[in-house]
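A short write-up of the structure that comes next.
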């Protein structure tokens with residue numbers, strides 16, 4: 001039985017036959033019955049399965065659609081692009097050099113065609129967030145791209161805090177602080193006073209030329225590594241949702257740092273750091 005069918009049957013069993021359901025599955029092959037019982041879904045809400053693909057695609061960065069769009073026949077592209085929500089449609093037109101005007105489609109036609117398109121992209125093979133086990137990393141899937149990027153940038157500050165402990169050159173320290181916003185400076189001070197540390201490879205900023213853009217890229221990379229290690233061991237579909245909030249370049253890079261299992265002595269510490277960054281943002285927004 002296909003995983004999607006197992007999920008739907010599990011939801012219906014939860015909805016209409018709460019509690020023990022083993023007896024209801026006796027008519028199925030043992031393999032299918034066990035597969036359904038092993039699905040860790042407590043929800044009885046089928047709405048997420050029935051969610052319109054237009055809504056689901058809004059949470060996926062448009063860059064993930066470029067490659068599938070390039071496989072579509074040129075004469076069908078105007079129709080397909082007219083199905084997509086904004087700003088996806090406009091950005092894809094620009095990326096694909098498509099100059100045709102958007103087509104006016106009836107709601108029913110748009111809904112039908114969009115469902116077919118969504119299936120062809122194979123996005124429907126991923127479980128909706130609502131049906132995934134809730135963990136301390138689940139809040140990440142509810143962020144927008146810029147919010148997730150900011151978390152990545154601030155995670156890199158932990159590496160900077162470790163580096164600063166090795167710097168005695170006051171001029172170099174001044175140059176570093178000049179490159180940071182007030183918000184990052186404040187977070188850096190918090191990191192400098194933390195007792196729980198993680199041994200990482202030094203940034204070796206004594207070789208840095210003072211270019212703020214280069215420092216930002218270094219910290220962004222370090223933050224990406226930390227986030228990848230932090231979400232290691234999470235459900236594969238949760239990782240899929242998180243990586244697809246980002247553009248393909250960042251998303252694919254983040255996925256490379258994710259492991260199937262948590263990294264002993266690392267993942268738990270980094271999950272705490274992710275939560276610390278989120279808490280810091282919430283407190284800052286209240287001021």
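Quick notes
- Our summary gives the stretch 52-125 a relative contact order of 38 percent, counting only alpha carbon pairs under 8 angstrom and 6 or more residues apart.
- Taking 0.36 nm per residue of separation and subtracting the current Cα-Cα distance, fully stretching the chain between residue 192 and residue 94 would add 30.8 nm.
- Pairs of alpha carbons in the stretch 138-285 whose separation is greater than 26 Å (percent): 24
- Modelled spin-label separation between residue 86 and residue 136, with each label point placed 7 Å from Cα along the Cα-to-Cβ direction: 4.2 nm.
- Using C-alpha pairs below 8 Å separated by at least 6 residues, the relative contact order for the chain is 20 percent.
- For the options 105, 77, 28, a Gaussian network treatment of the chain with springs between C-alpha atoms closer than 10 Å singles out 28 as fluctuating the most.
- Calculated [θ] (222 nm, deg cm²/dmol) that DSSP helices of n ≥ 4 give over the chain, each run adding -39,500 (n - 2.57): -16500 deg cm²/dmol
- Degrees separating the helix 212-230 axis from the principal Cα axis of the chain, which is the longest one: 50
- Among 138, 106, 181, residue whose mean-square fluctuation peaks in a GNM of the chain (springs only between Cα atoms under 10 Å): 106
- The GNM of the chain, with springs linking C-alpha atoms under 10 angstrom apart, assigns the highest mean-square fluctuation among 75, 190, 14 to 75.
- Each of the peptides 145-158, 221-234 was scored by the mean count of other Cβ atoms within 10 Å over its residues; in descending order, highest first, they stand as 221-234, 145-158.
- Reported label for calculated volume of the Cα convex hull per residue in Å³ given (1) 129; (2) 191; (3) 141: (2)
- On Cα atoms only, tilt of 145-164 relative to the major axis of the chain in degrees: 30
- At full extension, residue 31 and residue 105 could sit 22.3 nm farther apart than now, given 0.36 nm per residue minus the alpha carbon distance.
- Entry note, the stretch 138-285: relative contact order of 32 percent, from Cα contacts under 8 Å with a spacing of 6+ residues.
- Stretch gain in nm, segment residue 236-residue 147, where the contour uses 0.36 nm per residue and the Cα spacing is subtracted: 29.9 nm
Values quoted throughout were computed directly from the atomic coordinates according to the rules given, and no laboratory measurement underlies them. Keep in mind the model is a prediction, meaning the values are calculated, not measured. Heads up, the Cβs are rebuilt from the backbone with ideal geometry, glycines too, and the neighbour counts pull from every protein chain shown.
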